[in-house]
Structures are given as C-alpha cells and as structure tokens.
Amino acid sequence: MTKKIAFHIFLWGTVSSAALFLFLTWDTHVQVVALSNVDRLSDQVVAGKREFEKYNCNDCHTILGFGGYYAPDLTKVVRRIGAEGVRYRVMHPAKAFENSWRKMPRTGIKEPQVIDLIAFFRWVGNIDNSDWPPQDSLTRAKLRMIASSEISPGAAIFMSSGCMNCHSLSEDGGRKFGPALNTVGRKLSREEIENYIRNPKSRNPQAMMPPQTKLTEMELKQVSEFLSGLK
C-alpha cells in the first residue's frame, strides 16, 4: 500500500465518520421531544429528581444507564414493583430487605418526598428508550414466554414477566419481598389467583403488589393455572 492510498483511506474514513456522527447528533436532537415525555415534566417530577439527587441514590442504583451497580436499576422500577413497592422499600428498607444480602440505608425521607420521588420514577419509566433495560424489557419477556417442552406456558410467563423479582419458587429467584409461592395452590383457587393478579387490593387492601396489567387475558389464565397447580 502506497502512502497516497493510505492517506486517502485515512482522509475519507475520517470525513465519513465525522459526517455520520454529525447526522446522528442532529437526528437525536430532532427526536428528543418524540422519544422523551417532556410534556409530562411537572413540578412534582422535578421535585422528585431533586430528592433522588439529595439522597445520592445514584451511588448504588443506576437509572437510564448512569450510576452504581450495587443495587437494582431504577429506570422501570414502577413497572417492576409498583408505586407501593417503591414507597415501602424507601421508607422501610430494613424490613423490606431483611432477607436480602443487599442492604439499603434508612434515609429518613418523609411521605410527601417519597410521592415526589415516585412521580419522578414514573416519568423516567415512560421515556421511550427502546425497551431498556434488558431485565425489565417487555419484548424480551414476550420472547422468553415461548415455552420449551419441559415447562408449561404459564410457568414460562411467570418466569419471564418479573414475578420472580419479588416471589420465590423452591428457593429460586425472588428477593423474598413477596411470599414464596411453592404451595399457593393449596390456599387459593385458579379464579382467586387470577383475580389477585389482576387487582391485588381487591382481595387484600394492604397488598403492595402492583396490578399486572401488561398480561393478556390468555397469559393471565395460563399463569393462574400454573400457580393453582402448586400444591
């Protein structure tokens, strides 16, 4: 290869890379409003962001890809555990994580500030970030729902829809925030389990489990059949 050819490879490679970078930068700025939910950026969301920064939540948690990796990602935390789950963990960390090897400090945050924090998490969770992070991805969960010949469709849905973030089966999965479900079929019928999944507070007003509104009617029935068979 001659010096002239090498120079042209370097020159045109640099020019094309710079042009691509500038185009992608322009395209990102054009789509900011469409991809984010700026129109929902309320005073309460801003107040919640300030609480998030005040208590240095990023030291342990990641959000939108930034922060520490000690504790779970918070980008889709409201989708994963619900607003009540967030409130309980933040205000009563010692009790919420007593069975977990990871611990969360008690910040002394008050109820109004927690409500603002939840509003901030809701806002972040509604940003269009291409279904990220992977552990909370609805698309990946749907793909994993395709059951192998070894497990039922209901079991596949249960394992791929985030249920095991809180519940355990035979000591597998779960941070034990919710009860173990090894023998739930002894206590509840299929219909009762289905109603509980759809609207937990209808059966237990103190329930902190969020309604599983992302499940279709067919998926809900399959999960209920699977759980009712756990005797």
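Please treat every number below as a calculation from the coordinates, not as lab data. All of these numbers come straight from a predicted model, not from anything done at the bench. Note that we place each Cβ from the backbone using ideal geometry, even for glycine, and neighbour counts take in every protein chain shown.
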Using the 10 angstrom Cβ neighbour count as an exposure proxy, how do 98, 219 rank, fewest first?
-> 98, 219
More than 15 Å apart: what percent of Cα pairs in the range 38-130 qualify?
-> 60
Measuring from a point 7 Å past the Cα of residue 41 along Cα-to-C-beta, which residues in the range 104-121 have an amide N at less than 19 Å?
-> 116-121
With a 10 Å Cβ neighbour count serving as the proxy for reagent exposure, in which order, fewest first, do 64, 230 appear?
-> 64, 230
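Before anything else, pin down the relative contact order of the chain: Cα pairs under 8 Å, at least 6 apart, normalised by residue count, whole percent.
Here the relative contact order equals 17 percent.
Note the full-extension length gain between residue 110 and residue 131 as 0.36 nm times their separation in residues minus their Cα-Cα distance, in nm to one decimal. Write down the numbers at each step before the final one.
Values: separation 21, 0.36 × 21 = 7.56 nm, distance 3.15 nm.
Working it through step by step, the gained length comes to 4.4 nm.
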Going through the range 31-82, which chymotrypsin sites (Phe, Trp or Tyr not before Pro) have at most 12 other Cβ atoms within 10 Å and a DSSP loop state?
-> 69, 70
Spatial extent of the range 50-89: Rg and Dmax, with the Cα atoms as the point set, Å | 10.0, 24
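Quote the convex hull volume per residue of the range 1-92, based on C-alpha atoms, as a whole number of Å³. Numbers along the way, then the final one.
Working: hull volume 15.9 nm³, N = 92.
Taking the convex hull of the Cα positions in the range 1-92, it is 172 Å³ per residue.
So what's Rg/Rh here for the chain, counting alpha carbon atoms and using the Kirkwood radius for Rh?
Values: Rg = 22.5 Å, Rh = 20.5 Å.
A ratio of 1.10.
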